[in-house]
Amino acid sequence: MTANPEIDSILQRAADGGRITPEEALLIYTEAPFHALAEAADTVRRRRYPDGIVTYLIDRNINYTNVCVTACKFCAFFRAPKHREGWAHPREEILHRCGEAVDLGATQVMLQGGHHPDFGVEYYEELFSSVKQAYPQLAIHSIGPSEILHMAKVSGVSIEDAVVRIKAAGLDSIAGAGAEMLPERPRKAIAPLKESGARWLEVMAVAHRHGLSSTATMMMGTGETHAERIEHIRMIREVQDLAVANGYRDDAVETGHEVGGFRAFIPWTYQPENNHLKGRTQATTMEYLRFLAMSRLFFDNVAHLQASWLTTGKDVGQLSLHLGVDDLGSIMLEENVISSAGARHRSNLHELIWMIRTADRTPAQRDTLYRHLAVHHTPADDPTDERVVSHFSSIAMPGGGAGRAQLPLVDAK
């Protein structure tokens, strides 16, 4: 209970599973007492996941090229076409990295790159089919609506044709990449050459209709207002309402699983190094934590909420587990994009499990669709592979470097 009856009513309704409006979301985001907001969000988590399980994933983010024509102002990774620092990895190198990931227990790869002017649908068909042929056990959770729009334009085909073809080639799930900020004003300010937020969501809706589920993301801290942050999640919830109303299901699982449309929402914070925005605006830790809790209350139709320890730090990641979060993302064996902009947080598998367990939660390794692969009820159930560390081959981190014969261990401290 708080001193404000209106806020009390909103928090109670949301905690009980009722829907709140964008206006109510803005009110509790900006004015609800922090502990009351956190308690309401955690009530939703306990109702959805009474077993107390918090999940994690082992995956690798493999960038096939850094050449990009979009030139987003917040990106430190891309290089313009014909830039002397531009590159595109050969297929053999990508498959080599997939093999390393499998050896370390990864169940997923995220293949992502810039909007290369020469890469159409045919390139992605060959890439995905090559990975699937070599490593059928790896789920390909990759690219985003921006890449789909770009490849369709390069090849001169419709969005629907592009989605159908890359799914047939082996794409299992679409990443929430490229969302950043969906409302028009902040999106044009940070990515004027990118598609609109409405167009981004249109591609997601097409993918959902064709049996590909996805994740949704948001980048905080580039100068957007509180109201624009709420508008971002309103737009996502509206598209998810469509997926729920039409009974969309992911083709990778049996009918009846609640995995259609957006599986999870993942907000993260803008990183200020080596890009044109130069950190003039950033989201505070408290803004991030409050937004996580409010998002758990707002998204009555999205199953999972993931915290970004990569951009906010492991202490914030652990604290988020008391604000409605049920997933800590992955031990990313490689990550170059956000790291290039200054994200320096690293971890290892044992530390991530420790973070979950000491928050009084039960750790579990999951797959791309949030199915539990191993539940670590006690420390005796924990994995023992000491090699599973984040960023072992990141080109954006000190000591990193792709394609090494020996995988350097990283001190999680």
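For Arg371 and Gln133, the FRET efficiency from 1/(1 + (r/R0)^6), where r spans their Cβ atoms and R0 equals 25 Å, is about 0.60. In terms of other Cβ atoms within 10 Å, Ser173, Ser213, Ser295 run from fewest to most in the order Ser173, Ser295, Ser213. In order along the range 9-25, phi translates into HN-Hα couplings of 5, 5, 4, 5, 4, 5, 4, 7, x, x, 8, 10, 7, x, 5, 5, 4 Hz, rounded to whole numbers, per the Karplus curve 6.51 cos²θ - 1.76 cosθ + 1.60 with θ = phi - 60° and x for Gly and Pro. With neighbours defined as other Cβ atoms within 10 Å of a residue's Cβ, the residues Ser129, Ser330 order from fewest to most as Ser129, Ser330.
Legend: ranking of residues Ile58, Ile331, Ile190 from fewest to most surrounding C-beta atoms inside 10 Å; resulting order Ile190, Ile58, Ile331. Here's the picture: a label point sits 7 Å out from the Cα of Ala168 along the beta-carbon direction, and within the range 106-136 the residues with their amide nitrogen under 19 Å of it are 120-133. Spin-label model, Ser9/Val244: points 7 Å from Cα along the beta carbon direction are separated by 2.2 nm.
Using the Karplus relation 6.51 cos²θ - 1.76 cosθ + 1.60 with θ = phi - 60°, the per-residue 3J(HN,Hα) values for the range 102-112 come to 4, 4, 9, x, 5, 10, 8, 10, 10, 8, 9 Hz, with x marking Gly and Pro. In this structure, the pairs whose alpha-carbon distance is over 28 Å, taken from Lys82/Lys153; Lys153/Lys314; Lys132/Lys153, are Lys153/Lys314.
Here, each number is a calculation from the coordinates, and none is a lab measurement. Quantities reported herein were computed from a predicted structural model and do not represent experimental measurements. So basically every Cβ, Gly included, is an ideal-geometry build from the backbone, and we count neighbours across all protein chains shown.
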